[in-house]
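Please read the structure below before turning to the comments.
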Amino acid sequence: MSIAQHHHSSEADVPEGLSQELRMLVHEERDETMMSMPTERVMRALGASRSWKKENVLSLELVSWFRPVVLAGSFVILMLIAYNVKLSSTNDYDQSPTEMLLGLPPVTVASAYELSIEDH
Amino acid sequence: MQLSIPISHWLTLPSRLLVEKVAAPSISINSSDEVLIGATLGGDDNAFRILVDRFMDEVSRTVTGMLGPVAEVDDVVQEVFIKLHRSLTSFRGDSSLKTFVIRMAINKSLDALRKRKRARWLQPWSLAEDQDPVSSANSDGNIESVERKRELRRAIDRLPDNQKAVIVLRMIEDLSTQETATALNLPYGTVLSRLKRGLDRLKSDLESSTWLD
């Protein structure tokens, strides 16, 4: 064992025998697992990811534009739900909060049959 | 008033620019990391190919150490290099490129381990349990040695992920404690304590004490 190696292994009491075993194990496992010409496959995958990005540049751009719109929309919907719930809890009338908010007359089964036909 | 720069200087500028462009540092396998990064950012794929070649061993060993001999090692290694290509613009050179790459390999491996755990949780009876950590390719080899490797792999796989990362970098990649701390973005003392706990656990898991010094 060289001086440098000795210094290195004694830095934090790393057992050199176990280190050797681990290195050999991982070496063998890597050789069994990795397919041949890994660099070429990485370069091909890089080319594929680039062309995918090029083809989808418009959709990616649209998604990035609409993200704030979706966030703002979700926020507005949540606020309306909260408002609706609050109004429902304090509402003593027959009307629903939406009807009250929009100023619509109450719609019931009875009122549906009370047709007011006016002569003009 | 006399011109400080002669007219001939301006007249020969285009040709000199052309010469300078041609004489730009040529890329070779001996080029420094900085030169290769610069060339890659300039769109030179050959420069990046040299970088991939340079760090392939470190990345593949780190990922295999973390995940074991499984098919996803290949995919994770590819993801590491694709991420490296995208992240080169943000590389400020605070640490060496090797440390930067190894940090990415560890992070991607941890992501893969998390995905594996999630898949196992969703499908407790999945094939993941049936995977043999050490392939049966060594069937004609020494049975005792195959069994020893199998035990060692099981012991590594049983380590918590944060201790496993320290063990892989410190004992397999042979990084110093300081380099390991930089790669994992951890304080020096934390690396030492995780290394100690990991080693204690490995030792207690391994049946035969004759492996250890």
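What order do B:ARG153, B:ARG49, B:ARG118 take when sorted by accessible area (1.4 Å probe), most exposed first?
B:ARG118, B:ARG49, B:ARG153
If DNA, RNA and ligands are ignored and the probe is 1.4 Å, what is the ranking of A:TYR113, A:TYR83 by accessible area, most exposed first?
A:TYR113, A:TYR83
Rounded to the nearest 0.05, what FRET efficiency do A:PHE75 and A:GLU99 have when you use their Cβ-Cβ distance and R0 = 22 Å?
The pair A:PHE75/A:GLU99 has a calculated efficiency of 0.35.
If you count, for every residue in B:46-53, the Cβ atoms of partner chains within 10 Å of its Cβ, what is the mean?
Mean number of neighbouring Cβ atoms from other chains: 3.
In region B:24-76, what percent of the accessible surface is made up of carbon and sulfur (1.4 Å probe, ligands and nucleic acids excluded)?
Taking all protein chains in place, region B:24-76 shows 49 percent carbon and sulfur surface.
What lysines sit close enough to B:LYS203 to cross-link, taking a C-alpha to C-alpha distance under 23 Å and skipping anything fewer than 8 places away on the same chain?
Correct list for B:LYS203: B:LYS149, B:LYS164.
Could you rank A:VAL63, A:VAL14 by how accessible they are, 1.4 Å probe, largest area first?
Correct descending sequence by accessible area is A:VAL63, A:VAL14.
Are there any residues in region B:74-121 with a reduction of at least 50 Å² in accessible surface when going from the isolated chain to the assembly of protein chains? Probe 1.4 Å, please list them by number.
For region B:74-121, once contacts with the other chains are taken into account, B:ASP74, B:GLN78, B:ILE82 lose 50 Å² or more.
What total accessible area, in Å², is buried where chains B and A meet, using a 1.4 Å probe and rounding to the nearest 100?
Interface area, both chains combined: 3700 Å², rounded to the nearest 100.
Can you grab the distance from the C-alpha centre of region B:50-73 to the C-alpha centre of region A:37-91, Å, no decimals?
Their Cα centres are 32 Å away from one another.
Taking only protein heavy atoms into account and a 1.4 Å probe, give the accessible area per residue of region B:22-126 in Å².
Using a 1.4 Å probe on heavy atoms only, each residue of region B:22-126 averages 51 Å².
Compare each residue of region B:155-192 in its chain alone against the assembly with all protein chains, and report those whose accessible area goes down by 40 Å² or more; 1.4 Å probe, heavy atoms.
Buried-area filter returns B:ARG170, B:MET171, B:ILE172, B:ASP174.
The values are calculated or read from the model by the stated rules, or taken from the named source; none is laboratory data. Treat the numbers as computed from the prediction; the structure is a model and nothing was measured. As a convention, Cβ positions derive from the backbone with ideal geometry for all residues, glycine included, and neighbour counts pool all protein chains shown. These area figures cover heavy atoms from the full protein model, side chains too; ligands, DNA and RNA do not enter into them. Shrake-Rupley method; radii C 1.70, N 1.55, O 1.52, S 1.80 Å.
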